[in-house]
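Asks: Input: one structure, supplied below.
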Amino acid sequence: MKIYRKHYCLKQHKTARTFLKCAIPRNAWISGTGNIAVIAWCRVPTITLWGNEVDAYRAKKMIDDSACGGNCNRRHDIVKVEIS
Ligand SMILES: [Zn+2]
Ligand SMILES: [Zn+2]
């Protein structure tokens, strides 16, 4: 699993959501809560957040199996956001 810890900005992000909003500014939407993100990079990035790995893997498998949207090319990632 990839881990996102830091990126080049001076803000102190308190939640995975604000971190990802800033780190991936062209994302279409972020939904859910938690610090494990399923990111679909297809066309415009879309992100769902999950509180645990089991749910995140289940969500990824679902979009792997059924496609995430109109222009899916199977670029789906699970990323853990660690904010200190
Ligand atoms: Zn930032
Ligand atoms: Zn996709």
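Asks: With Asp55, Asp77, Asp65 as the choices, which residue is open to solvent by 60 Å² or more (accessible area, probe 1.4 Å) and either in a helix (DSSP H, G or I) or acidic (Asp, Glu) (or both)?
Replies: Asp65
Asks: Give the number of residues within the range 6-19 that are more than 8 Å from ligand 1 (Cβ to nearest atom) and at pLDDT 90 or above.
Replies: Selection size over the range 6-19: 4.
Asks: Follow-up. What are the residue pairs meeting all of these: first residue in the range 34-59, first residue in contact (Cβ under 8 Å) with a residue 60 or more places away in the chain and closer than 10 Å to Ile78 by Cα, second residue not hydrophobic (A, V, I, L, M, F, W, C) and not in a helix (DSSP H, G or I), Cβ atoms under 7 Å, and 6 or more apart or on different chains?
Replies: Close Cβ pairs (under 7 Å, with a partner that is not hydrophobic (A, V, I, L, M, F, W, C) and not in a helix (DSSP H, G or I)) do not exist here.
The values are calculated or read from the model by the stated rules, or taken from the named source; none is laboratory data. As the structure is a prediction and not an experimental result, all values here were calculated from the model. Reconstructed Cβ throughout: ideal geometry from the backbone, glycine too, with neighbour counts over all protein chains shown. Ligands, DNA and RNA are stripped out before the accessible areas are found, and what is left, the full protein with its side chains, is counted by its heavy atoms. Shrake-Rupley method; radii C 1.70, N 1.55, O 1.52, S 1.80 Å.
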